[in-house]
Amino acid sequence: MNKKEVLELFPSPYFRKYQKETIEKMVDAFNSGVKCILLGAPTGSGKSFINTTFCRYWTSFYATPQLSLIDQIKRDPYLTHYFVELKGRQNYYCAFDPSATVDVGVCRRRSDFNCPKDEVCPYWIQKLEALKAQTVLMSFAYLLLEGKTKGKYSLGSRELLVLDEAHSIDRYLIDYVNFVISPWNLPFDVYQKIEKLLALEPEDFYELTCLVSAVHDQVEREAEFLKRRGVFRPLTLEEVKELNRLEDWSSKAEVFLSLSDRVEWIWDLTWTKYRGKPRRRLVVKPVYAGIFGKELLWWRADRYIVSSATILDPEVFVEESGLDKVLDADEVIFIEVPSTFPVINRPVIDATNGKLTVNKKEENFPWAVEILEKILDIEEGKNIAVHCHSYDNARRIYEMLDDKYKDRIVLQTPETREEDLKKWMNSRGKVFLCVAFTEGQDWVGDICEAQVLFKVPFPDLSDKRVAKRLEKKEWKWYQLEAMKQVIQAYGRSVRREVDKARFYVIDKSFVNLVRRTRRYLPEWFRQALPKKWGGELE
């Protein structure tokens, strides 16, 4: 690679600070034989522009778990014309039935229908465009799904795979391959036929495999029955939706059955309410994602750029994502980009007085709410996001707040999650008691002028996968997962050099977390911490 030629492919007429130097380092790395660059790039560094530069040099996939980032790229006048975006079939409408999406279109309902899809189908026309495109823009989920496609419509592999906002690849891989046996995940009439198989939780892995195999056989029979029915008459929309659910579930079960002897799995039998009655629900998921990275992801390209603000420990990331199964250690390099945002505009404020861990929560919750009230007084008139970590915490905070604050509160609930977010973002002077909005949000300017970390977002100890890893003393992984979410939350509000927002920390557990993970913290985040925590701010 020639540096000058690559720099000429930069999609903007000007470079932000550090962008040119970063691209030059990346060119040197690729020229030295590196196959994967882990790019630690904070908000404001313009990593999408850096990534696009290399997408213009090689045929590429550009994928991200964050749909909001795809929207940002599409809206950017310097970036949008370098990409062909491709989505799942449920996002396109059937040419012969505009009321139905392609995944339940006429070709899925009628076995005798020969659709000229290359000419009329919006999805397949777009896919043909993607086949010819230099770079295809897609969600991470669609990248994995499309990898199953065979024949002339398969996008196959390319020279470069860019994964942006990819710090939690392992989590997305696990979410992609895990599966659930419940009336919410299978057609109810099918669930009723296999419900008796869930009467007892499998006591060992052999019993689990037998159970999944039996359910898989039943699901396959039901799917085949629907297909045969479609030979004699067109399937209804509901029948096609049912067939899609059966096939999706079956494909996940097949992954489990094919890799059962090579992967460690956990399972959990609980209850869920369906149609007013309690029903059994079995969740099956792998403990580690590495092998799935190799099988489902890394084959898609010859080289990779993986970018995020929170690749805290590159060695852990390589192992968790399965990169170590396809590359040697000297084929992976970590390049860190400094922040361009003045640290004085984004300070982390110590508001701690006690821990909110499980054994201290009841004792310390009242004073934590009192501290929150003092912060609300200091930041009165501003939009504030309070990261509560759970809906129970959010509800308790609201109930314990003095009534004089209630008219400022937007309390997020599971049922009105997105509506509550929009309400808060479109208001001013409101306080958003939110849950799981640490990623994928662009709270620029006065949308969010202060944030509060009420509770450190440690992984859920009741999750059997988390419990299994802690049984193995994997505390470093546990702590890095929590810190990753904290830093992601921290980056939601200061999105430009002119933005200003304090980040208050109430839960004193954060102090210990900083001490245990200090060596892995990005320099730009460490700078914003109080000096007594090892930072640079008074």
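The values are calculated or read from the model by the stated rules, or taken from the named source; none is laboratory data. Keep in mind the model is a prediction, meaning the values are calculated, not measured. Counting neighbours? That spans all protein chains shown, and the Cβs are built from the backbone with ideal geometry, glycine included. Please note that ligands, DNA and RNA were not included when accessible areas were found on the heavy atoms of the full protein model with its side chains. Shrake-Rupley method; radii C 1.70, N 1.55, O 1.52, S 1.80 Å.
Converting phi to 3J(HN,Hα) with the Karplus coefficients 6.51, -1.76 and 1.60 and the offset θ = phi - 60°, the range 522-538 yields x, 4, 5, 7, 4, 4, 7, 7, x, 4, 5, 9, x, x, 10, 9, 5 Hz in sequence order, with x at every glycine or proline. Each of Q72, S260, V326 was placed along the dipole of the chain (beta-carbon charges, centred on the mean Cα), and the one lying farthest toward the positive end is Q72.
How do the peptides 345-352, 229-236 rank, highest first, by the average count of neighbouring beta carbon atoms within 10 Å per residue?
Details: 345-352: 20.2, 229-236: 13.2.
Going by the mean number of other Cβ atoms within 10 Å, highest first, we get 345-352, 229-236.
The value of relative contact order for the chain, using C-alpha pairs under 8 Å at least six residues apart, is 17 percent.
Restricting attention to the chain, give the cysteines that have no other cysteine Cβ less than 4.7 angstrom from their Cβ. Flagged as lacking a Cys partner: C36, C55, C94, C121, C210, C388, C434, C448.
If you take the square roots of the eigenvalues of the alpha-carbon gyration tensor of the range 445-497 and sort them as a ≥ b ≥ c, do you get rounded (a/c under 1.5), prolate (a/b over b/c) or oblate?
Working: a/c = 4.25, a/b = 2.85, b/c = 1.49.
Judged from the Cα gyration tensor, the range 445-497 comes out prolate (a/c at least 1.5, a/b above b/c).
For K423, the lysines whose Cα comes closer than 17 Å to its Cα, not counting residues fewer than 8 places off in the same chain, are K382, K406.
Only beta bridges with both residues in the range 375-463 are counted; by DSSP, about 0 percent of them are antiparallel.
What is the packing order of peptides 71-78, 447-454, 87-94, taking the mean over residues of other C-beta atoms within 10 Å and listing the highest first?
On the way: 71-78: 13.4, 447-454: 24.2, 87-94: 17.1.
Per-residue Cβ counts within 10 Å, averaged per peptide and sorted highest first, yield 447-454, 87-94, 71-78.
Computed with every protein chain present, the accessible area of F205 is close to 70 Å² [probe 1.4 Å].
Using heavy-atom solvent-accessible surface (probe 1.4 Å) with all chains present, what is the largest-first order of W367, W424?
Numbers: W367 40, W424 0 Å².
Ranking W367, W424 by accessible area, largest first, yields W367, W424.
Quick one: which of K25/K152; K430/K508; K35/K531; K422/K531 span more than 28 angstrom between C-alpha atoms? Write out the running numbers ahead of the final one.
Values: K25/K152 37 Å; K430/K508 25 Å; K35/K531 38 Å; K422/K531 36 Å.
Distance filter (> 28 Å) returns K25/K152; K35/K531; K422/K531.
Reducing the range 488-538 and the range 289-330 to their Cα centroids gives an inter-centroid distance of 27 Å. Ranking F232, F205, L243 by Cα position along the charge dipole of the range 198-244, where only Lys, Arg, Asp and Glu carry charges on their C-beta atoms, puts F232 farthest toward the positive end. Using C-alpha pairs below 8 Å separated by at least 6 residues, the relative contact order for the range 110-258 is 28 percent.
Per-residue ellipticity at 222 nm for the chain, helices alone: DSSP H runs ≥ 4 residues times -39500 (n - 2.57), over residue total, nearest 500 deg cm²/dmol?
Values: 20 runs with 211 residues, N = 538.
Mean residue ellipticity at 222 nm (helix-derived): -11500 deg cm²/dmol.
Annotation for the range 342-379 versus the range 1-76: alpha-carbon center distance of 38 Å. About the centre of its Cα atoms, the range 363-487 shows a dipole size close to 560 debye [charges on the beta carbon of Lys, Arg (+1) and Asp, Glu (-1) only; nearest 20 debye]. For the range 350-470, the share of alpha carbon pairs falling in successive 5 Å distance bins from zero is 2, 10, 21, 23, 20, 12, 7, 3, 1, 0 percent. Three semi-axes describe the equivalent ellipsoid of the chain; taken as square roots of 5 times the Cα gyration tensor eigenvalues and ordered largest first, they are 39, 32, 24 Å.
Share of antiparallel DSSP beta bridges in the chain, in percent to the nearest 5? Approximately 25 percent, going by the DSSP bridge assignments.
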